[in-house]
Amino acid sequence: MKNLLLLLFLYCLTFSYAIKAQDTLDINLNMKHIVGNSAEFDRSKFMVYHESITGNEWDSDQQRASFLNDYDVYLGRNNGSIVWEFNQVREDPNKKGWPDPQHIQQKGEETRKNYARRTAAHELEHRIVTSMEGGQMSPMYPNGQKTKPSSCCSDASPWEYENYDAVAEFYSGYLTHYFGEGGTSGKQKPLMLEVLNEPFVKANDYSTSNIEIARMHNVVAQRVKKDHPDVMVGGYTAAHPAFESADFKHWDNNWRMFIDEAGENMDFFSFHLYDFVGDNTTMVEKQRKGSNIEAIMDMINHYSVLKLGEVKRWSISEYGWFCPSCDGPYYPERDWYNVRSFSSMLLQLLERQDQIINAIPFLLTKATWAHNKAEDEYNAYGPRLMRELGEMEGEAPHSGYVYTDLIKFFQLWANVKGTRIDTKPNDFDLLSDAYVDGEKLYLILSNLNPEEKEVQLNISELSNYPVENIMVKHAYEINTLTQLDTINYTEHLDKVTLGAEATMILEYTFASAFDISETKTENLFYASSYLQPIKANLPVHFSINNVTTTDHGEAILRIGLGRDLDKSLDPTLTVNGTNIPFPKNWKGNGQENRDRFFGVIEVPIPYELIKENNDISINFSDDGGHVTTLILKTYDLSVPVNRSTFKDGNVDKPLGLGQYSEELKVYPVPSDHLLHIEGLSNKDSYQILSLSGEVLISSDQQTIDISGLNNGIYILTVTTENGIRSRKIIKQ
């Protein structure tokens, strides 16, 4: 991963009493973690399958029901039905270039009657909550292309739509006539409409432009929202959001333009996130998981706040692993990359559980439509839930279908549910989450490192809740083949070993249910500007205003950076006049295989430094690139919490200030004059060190005058009979 540059003097002088900090996860069983208005694991949003309730690729209705019910999966996205019906409708004989409204009504009635007969589907309607229908550029973009009616199902002749309004007429008629309220009345109307799938990457092929596609979104959205206010309309369904390309011209010409042109009419924004491999011979991966995903999502949100005055809701309508050159005979190694990316990306998306309407890992059932039988004996499509027997050596050819290793993703996450509680890893490359449901705890760990790691589990309140059983599911790889181990334990595990880029879910069963009486509430505050160019030795200034704080809390400053790979990622950061150490570590890899670094670096900020109106400056020693976003995330805590030593690549330190152990208390922090120390004996002595290791003050008194120090962060070290103890202090 990244080089973690340690300040050796601080380790030696201030932390010599402790073992070097290891990967540790703090879990507070009694503290609900609230994001916006959400604190639940909503499976209908996050365990969603890319399929319609009328999908016809299952071996049987029983198999479909078993998959959805046994693994508690919901149905989410259909990009085929609306396209099919669009092709079958006749042209209005009285209005050239427009669909025939009577034929739409007739075809819709046929569709509803057909669904009424599919009684097995009716029994699964509870699996449709955040369902979405979506269009395709072909044939739905009106640029002269003709419809393609099928002789089996329509007497229409090919014709072309006149304009966006004519297409919007069909969208509205489709929602009016093709759906009912479930059961014999017809399939339930979708919650969401995704206007077009990945249209910008296809604009040139259809002799149009991004801005024209955005205008089509406006026309469709306005018509649908007028006729169907119960349906959310969104887009633009970005395929490859590489905002940093061409020094952020990609951003300007795609997302920024779309938000400017159509953002007000969108109920949600949709985009796709993939770890990407362009050449299957080298398998060099351009990973999004980690800091790059964070930078993409923060930039959309930050600009939305500045332009629209709000954060739009999202559909992550596809995510996973994408290798366009890897299609061919099935090989199970490809499944591991998807299982790995699905889980780690899901944990990152869960951090925004209040904003996301649905998040859909991209895999299809059999993708039989992609099989060109004239050219290939077997299907060459990539992410499939089922494959044909005979695709692997030693199997009887064409003898049925079996699940691929992608089923292991759903098996891994099958039981997770409940109320979110506080977790905090001490390393950016350890992703975590936890949910409590009655007497159950679901603890989730995911490793962004390409090496395995040992994780210490630090669970508060554990003595109050005797453990009856722990079922540990571990999804990892051996020789790039997906493994899913399940092991049961009857006692608490102090440590677990998490495989390289692996995900582990520990399902605890306790003797009694939990008392979740405390709260941790997230808040986001956006700087008044974004996408600022970097000039050498010229500070980039930001303001974050109208910030609210409480008596107890934590804070993270999320800094988006887009810079060439040979540029520094180590600026001088000042918050309200105080220098803050800048991390040498962040989520995921160093993006060495990308054209440039584009990621979010998260900087722990002393909560006591945060004011209502905040001034932040970032100063690099070299030219080039941009500070793309600046967002302050605060956590309001109902009570103080203890945190394990945090690893940011500079120096091991507690994540927050003001959370002191009983044996040593230092207050007030920050201070402009006197510091008071409690917990010292007459034999103890102290030193105040600069971050460069220089001893600035030495004494044995319990009240310290720091008025002569410059504003900034310092280290207080206390030499006791039991060793050296240390605390950060702030002169302000």
_Matching entry among 537, 488, 447, 458 (being over 20 Å from residue 419 (Cα atoms), surrounded by fewer than 20 Cβ atoms within 10 Å (Cβ to Cβ) and in contact (Cβ under 8 Å) with a residue 24 or more places away in the chain)_ = 537
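Given the condition of a type in the set (Lys, Arg) and assigned to a helix (DSSP H, G or I), answer yes or no: does some residue in the range 352-363 qualify? Outline the logic, then answer.
Taking the range 352-363 first, the residues of a type in the set (Lys, Arg) are 352.
Retained after the next criterion (residues that are assigned to a helix (DSSP H, G or I)): none.
The answer is no, given that none of the residues of the range 352-363 is of a type in the set (Lys, Arg) and assigned to a helix (DSSP H, G or I).
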*Is it true that residue 617 is closer than 24 Å to residue 458 by Cα and either without any contact (Cβ under 8 Å) to a residue 40 or more places away in the chain or among the small types (Gly, Ala, Ser) (or both)?*
no
*asked:* I'm trying to understand the selection: among the residues of the range 224-243, which are in contact with a Ser or Thr (Cβ under 8 Å, 6 or more places away or on another chain) and farther than 25 Å from residue 191 by Cα?
replied: 243
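Could you say which residue among 503, 486, 482, 497 is in the same structural domain as residue 441 (by TED's automatic domain parsing), modelled with pLDDT of 95 or more, polar (S, T, N, Q) and within 18 Å of residue 347 (Cα to Cα)?
On the way: 486 fails: within 18 Å of residue 347 (Cα to Cα); 482 fails: within 18 Å of residue 347 (Cα to Cα); 497 fails: within 18 Å of residue 347 (Cα to Cα).
Of 503, 486, 482, 497, the one residue that is in the same structural domain as residue 441 (by TED's automatic domain parsing), modelled with pLDDT of 95 or more, polar (S, T, N, Q) and within 18 Å of residue 347 (Cα to Cα) is 503.
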*Might you let me know whether the range 288-296 holds any residue that is over 24 Å from the mean Cα position of the chain (by Cα), of a type in the set (Lys, Arg) and either over 21 Å from residue 525 (Cα atoms) or part of a helix (DSSP H, G or I) (or both)?*
no
*With the condition kept exactly as written, say whether any residue in the range 373-381 is surrounded by fewer than 22 Cβ atoms within 10 Å (Cβ to Cβ), at pLDDT below 95 and touching a helix residue (DSSP H, G or I) at 6+ places or on another chain (Cβ under 6 Å).*
yes
*In the range 568-604, residue nearest to residue 635 (Cα to Cα) [restricted to those that are touching a helix residue (DSSP H, G or I) at 6+ places or on another chain (Cβ under 9 Å) and acidic (Asp, Glu)]*: 602
*In the range 121-170, what residues are of a type outside the set (Gly, Ala, Ser), under 30 Å from residue 67 (Cβ atoms), assigned to a loop (DSSP other than H, G, I, E, B) and under 31 Å from the mean Cα position of the chain (by Cα)?*
124, 136
*asked:* Would you confirm, using the coordinates I've provided, whether residue 511 is surrounded by fewer than 17 Cβ atoms within 10 Å (Cβ to Cβ) and not charged (D, E, K, R)?
replied: yes
_Every residue from the range 304-325 that is touching a strand residue (DSSP E or B) at 6+ places or on another chain (Cβ under 7 Å) and outside any loop (DSSP other than H, G, I, E, B)_ = 305, 313, 314, 315, 316, 317, 318, 319, 320, 321, 322
*Which listed residue, of 301, 265, is at negative phi and free of Cβ contacts under 8 Å to residues at least 60 places away in the same chain*: 265
*asked:* Anything in the range 397-429 that is in contact with a helix residue (DSSP H, G or I) (Cβ under 9 Å, 6 or more places away or on another chain) and assigned to a loop (DSSP other than H, G, I, E, B)? List them, or say none.
replied: 404, 405, 406, 413, 414, 416, 417, 428
*Can you tell me which of 434, 396, 414 is farther than 23 Å from residue 285 by Cβ, small (Gly, Ala, Ser) and surrounded by 22 or more Cβ atoms within 10 Å (Cβ to Cβ)?*
434
*Which members of the range 436-480 meet the condition of being within 30 Å of residue 330 (Cα to Cα) and either part of a loop (DSSP other than H, G, I, E, B) or more than 22 Å from the chain's Cα centre (by Cα) (or both)?*
448, 449, 450, 451, 452, 472, 477, 478, 479, 480
*Which one of these is in contact (Cβ under 8 Å) with a residue 12 or more places away in the chain, basic (Lys, Arg) and closer than 23 Å to residue 289 by Cβ: 420, 387?*
420
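In this structure, is residue 209 over 21 Å from residue 172 (Cβ atoms), without any contact (Cβ under 8 Å) to a residue 12 or more places away in the chain and of a type outside the set (Val, Ile, Thr)?
yes
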*Has the range 604-613 got any residue that is surrounded by 18 or more Cβ atoms within 10 Å (Cβ to Cβ), in the same structural domain as residue 639 (by TED's automatic domain parsing) and closer than 19 Å to residue 563 by Cβ?*
no
_From the options 291, 207, residue that is on the phi > 0 side of the Ramachandran plot and among the polar types (S, T, N, Q)_ = 207
*Tell me which residues, restricted to the range 205-248, are within 24 Å of the chain's Cα centre (by Cα) and under 20 Å from residue 306 (Cα atoms).*
234, 235, 236, 241, 243, 244, 248
*Limited to the range 616-635, what total is found for residues that are out of contact with any Ser or Thr (no Cβ under 6 Å at 6 or more places or on another chain), surrounded by fewer than 20 Cβ atoms within 10 Å (Cβ to Cβ) and part of a strand (DSSP E or B)?*
1
*If you take the residues in the range 238-271 that are out of contact with any helix residue (DSSP H, G or I) (no Cβ under 8 Å at 6 or more places or on another chain) and crowded, with 21+ Cβ neighbours inside 10 Å, which one is farthest from residue 593 (Cα to Cα)?*
268
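For the range 692-718, name all the residues that are assigned to a loop (DSSP other than H, G, I, E, B), within 24 Å of residue 581 (Cα to Cα) and modelled with pLDDT of 80 or more. Reasoning before the result, please.
Going through the range 692-718, the residues assigned to a loop (DSSP other than H, G, I, E, B) turn out to be 692-694, 700-702, 706-711.
Narrowing further to those that are within 24 Å of residue 581 (Cα to Cα): 692-694, 706-711.
Once the filter is applied, which keeps residues that are assigned to a loop (DSSP other than H, G, I, E, B), within 24 Å of residue 581 (Cα to Cα) and modelled with pLDDT of 80 or more, the range 692-718 yields 706, 707, 708, 709, 710, 711.
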*Report whether or not residue 569 is of a type outside the set (Lys, Arg), in a strand (DSSP E or B), at pLDDT 95 or above and in contact with a Leu (Cβ under 7 Å, 6 or more places away or on another chain).*
no
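The values are calculated or read from the model by the stated rules, or taken from the named source; none is laboratory data. From a predicted model like this one, the values you see are computed outputs, not experimental measurements. Because the Cβ atoms are built from the backbone with ideal geometry, glycine has one as well, and the counts that use them run over all protein chains shown.
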